[in-house]
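J.: Sharing a structure here in structure tokens format.
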């Protein structure tokens, strides 16, 4: 992991970035990665925003904001974390390890942000910028400036009625390290769709996509009666 992020020989911040709070709770003399996660979140947001600003010269503020949110989401960070087997490098408490939390989405995403902070502190902004670019690359290949389903659904419904849709978590399945969520989306009390995902955000997007597929396009001509 040290070679992957460019921190060979610098172990203090690297070890801290890979230390889950459950491990620190068992070893009171060791700091966990939560402070680094806080800093890394800010550095990652800046670097990814800068990357999009340069790569998407025709995108407006709203589009750039949506794209950045997708690239720094927990799901996107986990693409990179799982590709590089970050879970194997994490230091977890015995209970957390037994529960399989090393592969949990939020645990991996927090560790990625902490690694960004460690690189920023040890190597500076340019090194952190390069790491953030590599982290964002897998997710960047799968997004476009087009609206994501949640944003598109909200814009369409608000344009029609002035009222945004609402999302409700109705079911959670699976062990802590492999959760599955089911979400329903409603508009003015009417059920429009439902979706499942490995995170609530992913389930909400799936529900919005189903709702969009069932909505009649406002531009479609009315059917003529007999």
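J.: Relative to the longest principal Cα axis of the chain, at what angle does helix 125-140 sit, 0 to 90 degrees, rounded to 10?
T.: Value to nearest ten degrees: 40.
J.: Also: Tell me the angle of helix 149-161 to the major Cα principal axis of the chain, expressed in degrees between 0 and 90 and rounded to the nearest ten.
T.: 40 degrees
J.: Over segment 1-62, what is the mean sequence separation of C-alpha contacts under 8 Å (at least six apart), divided by residue count, expressed as relative contact order in percent? Numbers along the way, then the final one.
T.: On the way: 28 pairs, mean separation 12.6, N = 62.
Contact order relative to length: 20 percent.
J.: Still on this structure, please answer the following. Where the centre of each part is set by its Cα atoms, how far does segment 99-130 sit from segment 1-63, in angstrom?
T.: 3 Å
J.: Calculate the spin-label point distance for residue 106 paired with residue 65, positioning each point 7 Å from the Cα along the beta-carbon direction, and give it in nanometres.
T.: Calculated label separation equals 2.5 nm.
J.: Which order do the peptides 105-115, 125-135, 82-92 come out in when sorted by mean C-beta neighbours inside 10 angstrom, highest first? The partial results should precede the final answer.
T.: Details: 105-115: 24.5, 125-135: 18.5, 82-92: 16.9.
Going by the mean number of other Cβ atoms within 10 Å, highest first, we get 105-115, 125-135, 82-92.
J.: Quick one: if you take sqrt(5λ) for each eigenvalue of the C-alpha gyration tensor of segment 149-214, what semi-axes come out, biggest first, whole angstrom? It would help to have the intermediate numbers written out before the result.
T.: Details: eigenvalues 111, 21, 14 Å².
Three semi-axes, in Å: 24, 10, 8.
J.: Percent relative contact order of the chain, based on C-alpha pairs within less than 8 angstrom and at least six residues apart?
T.: Working: 346 pairs, mean separation 42.4, N = 226.
Here the relative contact order equals 19 percent.
J.: Compute the helix-to-body angle for 105-123: its Cα long axis versus the longest principal axis of the chain, expressed 0 to 90° and rounded to tens.
T.: So the helix axis and the longest Cα principal axis differ by about 50 degrees.
J.: Moving on to the next point. Suppose R0 equals 45 Å. What FRET efficiency, 1/(1 + (r/R0)^6) with r the Cβ-Cβ distance, do residue 196 and residue 29 give to the nearest 0.05? Please list the in-between numbers first.
T.: Numbers: r = 42 Å, r/R0 = 0.94.
It comes to 0.60.
J.: Sorted from largest to smallest, which semi-axis lengths in Å does the alpha carbon gyration tensor of the chain give for its equivalent ellipsoid, taking the root of 5 times each eigenvalue?
T.: Calculated on Cα positions only, the semi-axes equal 38, 22, 12 Å.
Read-outs: derived from the displayed coordinates by stated rules, not from any lab. These numbers come from a predicted model, not from an experiment. A quick note on method: Cβ atoms are made from the backbone with ideal geometry, for glycine too, and the neighbour counts reach across all protein chains shown.
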